[in-house]
Every structure is written in C-alpha cells, then in structure tokens.
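Chemist: Quick one: the structure is below, questions incoming.
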Amino acid sequence: MDQHEEQVLQTLRELDPERYLACLYLPDSYRVAAAAIYAFDAEISRIPSLISEPMPGEIRLQWWRDLISSRANSSSAGALADLLLQTIEKHDLPRETFINYLDARLIDLYQDPMPDQGSFEGYLGETTSSLLQLVSLCAGAQTSKTLADACGHAGMALGIVRLVSQLPSYRGTGRIYFPMALLKACGLDRDQWLRGAPDERHMAVLDEMLEQAKSHLVYSREAVVKLPEELHPVFLPLAFVTPLLRKAKAGGLGVFSKSAKLNALHRQFVAFKAGVTGRI
C-alpha cells in the first residue's frame, strides 16, 4: 500500500468509521477503490461544516467537477483526488455519476427544505445509492435491474439512518432533509421542525422515516441475495442499518438533541460479525 492509499484510508477512518470498517472486509481487488469512493463522499459531506456561506462550498464542488471531468493530472491535487482519479481510470467508472452526485450535493449548502418524497428519494439515489453502484462496478458487477434495486433500496435505508443519526447537527444549521410534505402532514412547519421543542409531531416524522428505512432494508436484502455472491461484500454497510434503527427508536425524542450513533466498540462488533458471516 502506497502513501496515498494510507492517507485516504486514514481520512475515511476519521470521517466515516462505519464505511472504513466495512472496507476492511472487502476483497483486495477493490478495497482501496471503495475506500477512495467513500472518502470522496466523506470529504464532500463535510463541506457545509467548513463554510459560513454557500459560495465557497459551490467553488469547492466545482473544483471537483472540473478535476473529474478534465481527466487532468491529479498528482498535485492531493492524495484523495489522485487516488479517486486512479480508481475511475482503473475501473472505467462513469464520470457522469460523480458529476450527478456533486450536483445533488448542492442542496447541502443551502437551507432550502426538501419539498417532497420524490425529491428526497432522488437526493439519496444520486448520493448514497450511486456510491454503492460505483463500488459494485469496481467489484466487477454488470448493470442489471437487480443491481439497481439492490443499490437503490440499500441507499435509501443507509441514507435515512445516516440522516437520523445527524439530526441535531442538521437542525442546528437549518437544513431540512426529510420531505416538507411529510412534516406538514404531521402538523409541523419549517420553524416548528427546526426550533420548536420536539413533541409527538416530531416523533411521528421520525417514526415514518424509520419505517421507510426498515422497508427499504428488507427490499435491499431481497435484491442482494439474487446477485452473484462475489458482490455481496459491497453491501456490508447495510449491517449498520438495524443497530442504528434500534438506537434511534430507543432514543425517542432524544435523537433531536443527541446524535443516535453507535460507539466504537459496537461498530467494530457489527462490522466483524457481518464481515465474517457475510450476513447483512
């Protein structure tokens, strides 16, 4: 493993420990590629926390667009950029998927609420689901409806629990990812969701989101078992969905003030169990 690979793995370990642990149980043939893709996502995900207004974030996203589109030499752009472009070239990954991902991430820079369920599913499809599709291609997958179903539903399940686990942060920065149509159906407007003391209306939104995650988890598992066995490790991150759902459900209204995340030991146990048994 060269220096850039080590740096990227360390970045992933710090920014996204769950996906880092999942990568440890991937085959050698695409472990580093998966780590590069997930570290790229982790780097983009933290942009909103590093800026005080949208423009610097837009500039950063455009920098990545230009880098990925231009096929330029990335050796001076840093370890992550270099390894990501190497991964794209080695595995012939579709660059437009990365561009669509970056376009979807624009919403992270603003406080415009997610309007409806379709927009919500589209956002997770272009972000969380697309990452699984890219890693699947690195693992040698052929495009198919089964693969699309597996990645689509897995991305929804993973995306929802990750958003739930970060609710305190998102409320604090005025970002609303859950569909406003759902909030309104539960009797909440924007200010009540962001600033009001959590009550049964907030819990109704949370319960609906958790039920959606459970449903997508079931559908994703059904699709994954139909895929070639060598692709199953790609979906190891799904192992974290059930414990995160339980954590959020047990936390109740507390998840609005304290992140519903797994501790380090619990994460390691979940990854070890899934990595050894292959059961997600």
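Here, each number is a calculation from the coordinates, and none is a lab measurement. Computed from a predicted structure; not experimentally measured. As a convention, Cβ positions derive from the backbone with ideal geometry for all residues, glycine included, and neighbour counts pool all protein chains shown.
Chemist: Only residues that are more than 13 Å from Ile107 (Cβ to Cβ), crowded, with 16+ Cβ neighbours inside 10 Å and basic (Lys, Arg): list them for region 168-194, please.
Modeler: Matches in region 168-194: Arg171 only.
Chemist: Still on this structure, I have one more. Kindly provide the set of residues from region 134-183 that are hydroxyl-bearing (Ser, Thr, Tyr) and either assigned to a helix (DSSP H, G or I) or closer than 20 Å to Gln212 by Cα (or both), ordered by number.
Modeler: Selection gives Ser136, Thr146, Ser165, Ser169, Tyr170, Tyr177.
Chemist: Picking from Ser136, Ser144, which residue would you name as being among the small types (Gly, Ala, Ser) and either surrounded by 19 or more Cβ atoms within 10 Å (Cβ to Cβ) or under 30 Å from Arg195 (Cα atoms) (or both)?
Modeler: Ser136
Chemist: Would you pick out the residues in region 217-263 that are farther than 21 Å from Val276 by Cα and outside any helix (DSSP H, G or I)?
Modeler: Of everything in region 217-263, those that are farther than 21 Å from Val276 by Cα and outside any helix (DSSP H, G or I) turn out to be Ser257, Lys258, Ser259, Ala260, Lys261.
Chemist: List every residue pair whose Cβ atoms sit under 9 Å apart, with the two residues 6 or more apart in sequence or on different chains, where the first one lies in region 82-100 and is part of a helix (DSSP H, G or I) and the second, anywhere, is surrounded by 15 or more Cβ atoms within 10 Å (Cβ to Cβ) and of a type in the set (Asp, Glu).
Modeler: Leu83/Glu5; Thr97/Glu126; Asn100/Glu126
Chemist: Take Ser136 and decide whether it is over 17 Å from Ile107 (Cα atoms), touching a Cys at 6+ places or on another chain (Cβ under 9 Å) and in contact (Cβ under 8 Å) with a residue 12 or more places away in the chain.
Modeler: Yes; evaluated as a whole, the condition is true for this residue.
Chemist: Could you please give the count of residues in region 216-246 that are of a type in the set (Lys, Arg) and within 21 Å of Phe269 (Cβ to Cβ)?
Modeler: Residues in region 216-246 being of a type in the set (Lys, Arg) and within 21 Å of Phe269 (Cβ to Cβ): 2 in total.
Chemist: Would you check which residues across region 232-280 are aromatic (Phe, Trp, Tyr) and either touching a helix residue (DSSP H, G or I) at 6+ places or on another chain (Cβ under 6 Å) or within 24 Å of Tyr177 (Cβ to Cβ) (or both) and list them? Lay out the reasoning, then the answer.
Modeler: Initial filter on region 232-280 (aromatic (Phe, Trp, Tyr)): 235, 240, 256, 269, 272.
Hits for region 232-280 are Phe235, Phe240, Phe256.
Chemist: Could you grab the pairs with beta carbons closer than 7 Å, sequence gap of 6+ or different chains, first residue in region 234-254 and closer than 14 Å to Leu163 by Cβ, second one acidic (Asp, Glu)?
Modeler: Cβ pairs passing all conditions: Phe240/Glu18.
Chemist: A further question on this structure: Among the listed residues Glu121, Glu126, identify the single one that is part of a helix (DSSP H, G or I) and closer than 18 Å to Ser215 by Cβ.
Modeler: Glu121
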